Amino acid sequence: MRPIDLRPLIADPHGTLAALREAGPVHRVQGADGNPAWLVTRYEDVRRALADPRLSLDKRNAKPGNYAGLSLPPALDANLLNMDPPDHTRVRRLVVKAFTPGRVEKLREPVRRLADGLLDAVEPAGAADLLAAYAGPLPIMVMCDLLGIPQERRLDFRAWTDALITPDPARPEAAREAVGNMIRFFTGLIAAKRAEPADDLLSDLIAVRDAGDRLSEDELTSLAFLLLFAGYENTVHLIANSVLALLDHPEELRALRKNPDGLAAAVEELNRWDGPGPLAIRRFPLEDVEIGGVTVPAGETVLLSLASANRDPARFPDPDRLDLHRNNSGSLALGHGIHYCLGAALGRMETETALAALLDRFEKLELAVPREELKWRPSIRARGLISLPVRWSATSRTRF
Ligand code: HEM
């Protein structure tokens, strides 16, 4: 049978996934590069597979000819999402402390100040592309501060990331150039911090690297890259997708405005309902593995659909309904198992803070273009808008 084309996921991810989930637990599909993969659709199978040590993230376990995801050189690819234990355990242990809920809570006020500053800049205009003016800059400013990256470099990094996530068919060399630029950027930055350490996470990681053998130079650049990339990309789109979902559900928004204490639970639901990461990172079975009654041969590519699992009616009753009061324990939007999102607490806090600052400021917020004119990025791996034009007509600063 011909592999299923996943491109319809871009225009209608949840409808397409519902049909696939109904039709079967595992499907032969074409990955983003056209090479074959296996798509897993149901909650229990996805959750079990996320924690299955027989499913490797290390590309060296991939059989040639299968979808293998982004192709990056070792200076960026020696990262946690391309690693299995024991290397994964060793590297993750070095950074996990920087992202504990306690450490992250201390950042809430500084993040709120950054959010308020961005809103101060756009408020007089009465309208803005919220993605370019707010959801986009905020997470990268936070990660730049954490890592110790000069703020003026953040626009470069955003352009490079976009070139990787949504390659321009008219300029196939752009993604390659972006990779070259990123490597130069991180090696230059690390050399500068090595010469002059500061009070930031990157200087700490360099000190760990230089104190012993615990991190190779490729692992150091790759870790800096992954933190910036993962810390930026998903959070931008969780914020923007959440704003859109709230505008699409005025009653839920009204209830949330009345009960700001419900914000944390609301963010869990917004992430389950239309989060930015519809697929987990591709995995490669170390041996033939049975998933949902289907045997997936060793070395072939497994795509675990987090978006489909999170709308599986067998796990979440009435799953297509956005219900900000739902109990979302068990949501897979941030992964599960040893690769569970390292930045989960940070991403949640940033999204809560971004939404709070926005709702606090603008009492009446609405789309500035007809709903059907909104465009999604042409990627099956990243669920995010290209722009989010909104306008506001009344401001207040008291609600949240
Ligand atoms: C707020 C939105 C975010 C979402 C929806 C999200 C989602 C995810 C998911 C689903 C995974 C697991 C991937 C897999 O197993 O295939 C993951 C891993 C990861 N995330 Fe996040 N993430 C978010 C924010 C962040 C932030 C702010 C950081 C910043 C540090 C971050 C850093 C990472 C890292 C380093 C990993 C790899 C962990 C490992 O392999 O051990 N993420 N994320």
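Pick from the range 101-128 the residues that are outside any loop (DSSP other than H, G, I, E, B) and of a type in the set (Lys, Arg): which of them is farthest from the ligand (Cβ to nearest atom)?
If we take residues in the range 101-128 being outside any loop (DSSP other than H, G, I, E, B) and of a type in the set (Lys, Arg), then 113 is farthest from the ligand (Cβ to nearest atom).
Scanning for something farther than 25 Å from residue 294 by Cα, exposed (fewer than 13 other Cβ atoms within 10 Å of the Cβ) and in contact (Cβ under 8 Å) with a residue 60 or more places away in the chain, does the range 4-26 turn up at least one residue?
Residues of the range 4-26 that are farther than 25 Å from residue 294 by Cα, as a first pass: 10-12.
When the remaining residues are screened for being exposed (fewer than 13 other Cβ atoms within 10 Å of the Cβ), the result is 11-12.
With the extra rule that they be in contact (Cβ under 8 Å) with a residue 60 or more places away in the chain, the set shrinks to 11.
Checked against the condition, which is being farther than 25 Å from residue 294 by Cα, exposed (fewer than 13 other Cβ atoms within 10 Å of the Cβ) and in contact (Cβ under 8 Å) with a residue 60 or more places away in the chain, the range 4-26 yields at least one hit.
Can residue 72 be described as in contact with a Leu (Cβ under 8 Å, 6 or more places away or on another chain), under 30 Å from residue 146 (Cβ atoms) and in contact (Cβ under 8 Å) with a residue 40 or more places away in the chain?
In short, no.
Could you tell me whether residue 98 is more than 18 Å from the chain's Cα centre (by Cα), surrounded by fewer than 21 Cβ atoms within 10 Å (Cβ to Cβ), among the small types (Gly, Ala, Ser) and within 15 Å of the ligand (Cβ to nearest atom)? Give the steps one after another, and end with the answer.
On the way: more than 18 Å from the chain's Cα centre (by Cα): yes; surrounded by fewer than 21 Cβ atoms within 10 Å (Cβ to Cβ): yes; among the small types (Gly, Ala, Ser): yes; within 15 Å of the ligand (Cβ to nearest atom): yes.
So residue 98 passes the test.
Looking at 309, 354, 333, which is the one that is within 16 Å of the ligand (Cβ to nearest atom), crowded, with 20+ Cβ neighbours inside 10 Å and over 21 Å from residue 105 (Cβ atoms)?
309
Could you go through the range 363-370 and let me know if any residue there is surrounded by fewer than 21 Cβ atoms within 10 Å (Cβ to Cβ), acidic (Asp, Glu), more than 9 Å from the ligand (Cβ to nearest atom) and farther than 20 Å from residue 283 by Cβ. Before you say what the answer is, go through the steps one by one.
Quick first cut of the range 363-370, residues surrounded by fewer than 21 Cβ atoms within 10 Å (Cβ to Cβ) only: 363-370.
Next, from what is left, pick out any that are acidic (Asp, Glu): 363, 366.
Checking the rest, the ones that are also more than 9 Å from the ligand (Cβ to nearest atom) come to 363, 366.
Now narrow it down to the ones that are farther than 20 Å from residue 283 by Cβ: 363, 366.
Yes, there is a match, as at least one residue in the range 363-370 is surrounded by fewer than 21 Cβ atoms within 10 Å (Cβ to Cβ), acidic (Asp, Glu), more than 9 Å from the ligand (Cβ to nearest atom) and farther than 20 Å from residue 283 by Cβ.
This table checks each residue for (1) among the aliphatic types (A, V, I, L, M); (2) in contact (Cβ under 8 Å) with a residue 40 or more places away in the chain.
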site	(1), (2)
313	no, no
322	yes, yes
358	yes, yes
366	no, yes
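Assess whether residue 165 counts as being within 17 Å of residue 78 (Cβ to Cβ) and touching a Ser or Thr at 6+ places or on another chain (Cβ under 9 Å).
Numbers: within 17 Å of residue 78 (Cβ to Cβ): no; touching a Ser or Thr at 6+ places or on another chain (Cβ under 9 Å): yes.
Considered against the rule, which asks whether it is within 17 Å of residue 78 (Cβ to Cβ) and touching a Ser or Thr at 6+ places or on another chain (Cβ under 9 Å), residue 165 comes out as no.
Of the conditions (1) buried (at least 16 other Cβ atoms within 10 Å of the Cβ); (2) of a type outside the set (Ser, Thr, Tyr); (3) not in a helix (DSSP H, G or I), residue 314 clears all except one; give me its number.
Answer for residue 314: the failing condition is (1).
Could you figure out which of (1) more than 16 Å from the ligand (Cβ to nearest atom); (2) touching a helix residue (DSSP H, G or I) at 6+ places or on another chain (Cβ under 7 Å); (3) within 25 Å of residue 80 (Cβ to Cβ) isn't true of residue 287?
(2)
Do we find a residue being surrounded by 21 or more Cβ atoms within 10 Å (Cβ to Cβ) and either on the phi > 0 side of the Ramachandran plot or not aliphatic (A, V, I, L, M) (or both) anywhere in the range 165-173?
no
With respect to the numbered conditions (1) within 16 Å of the ligand (Cβ to nearest atom); (2) buried (at least 21 other Cβ atoms within 10 Å of the Cβ), which one is the sole condition not fulfilled by residue 193?
(1)
Restricting attention to the range 106-139, which residues are in contact with a Leu (Cβ under 8 Å, 6 or more places away or on another chain) and either over 20 Å from residue 246 (Cα atoms) or loosely packed, with under 14 Cβ neighbours inside 10 Å (or both)?
107, 111, 114, 118, 137
Has the range 190-208 got any residue that is farther than 18 Å from residue 75 by Cα, small (Gly, Ala, Ser) and not in a helix (DSSP H, G or I)?
Yes - at least one qualifying residue is present in the range 190-208.
All of the numbers you see were taken from the coordinates with simple rules; none came from a lab. Just so you know, these numbers come straight off a predicted model, no measurement behind them. Backbone-built Cβ (ideal geometry, glycine too); neighbour counts: all protein chains shown.
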